[in-house]
Amino acid sequence: MQAISPQAALIYVMVVVSAADGSMNEQELRTIGDLTKNLPAFRGFEEQRLLQVSQECAAILEDEDGLDAVLGLVGECLPDHLRETAYWLALEVALTDSRVALEEIRVLDLLRRSLGIDRLAASALERGARARYQTA
């Protein structure tokens, strides 16, 4: 399988979480677009490539072992300093629609382990993400 850029790996992570429950809803797609437009990790990424990269990930996910393939590819191509960022992006997408499906929790756990993020760091990232979506 061909190597991908760190930005593409981050997009793959968001797509995997969005697709985990069987559908990618409008809110999640909007969140992915907003995050790629505004975060420093995506500096230099050509915005018009977002759809193409998302479709590449979706095509891999259609294979029988697609999730494992995507996680392996992300793990190979993502530098250490962006691994927590990747997990945080996954959490952002999962929390976008105010509910986290069981399938998303499973994918988040697989992602955490494949990226080598320890439970304490993951808990801190999860707490921060949840705090961001609290309502009055």
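Readers should treat all values here as calculations from the given coordinates under stated rules, not as data from a laboratory. Just so it is clear, the structure is predicted and the values come from calculations on it, not from any experiment. Positions of Cβ are generated from backbone atoms using ideal geometry, with glycine treated the same way; all protein chains shown enter the neighbour counts.
A compact table of results
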item	result
Loop-located GluC sites (Glu not before Pro) in segment 51-136, at most 14 other Cβ atoms within 10 Å (DSSP)	Glu62, Glu64
C-alpha center-to-center spacing [segment 2-25, segment 41-93] in angstrom	4
With eigenvalues of the C-alpha gyration tensor scaled by 5 and rooted, segment 6-132, Å	18, 17, 16
Length released on extending from Asp118 to Arg106, taking residue separation times 0.36 nm less the Cα-Cα span	2.7 nm
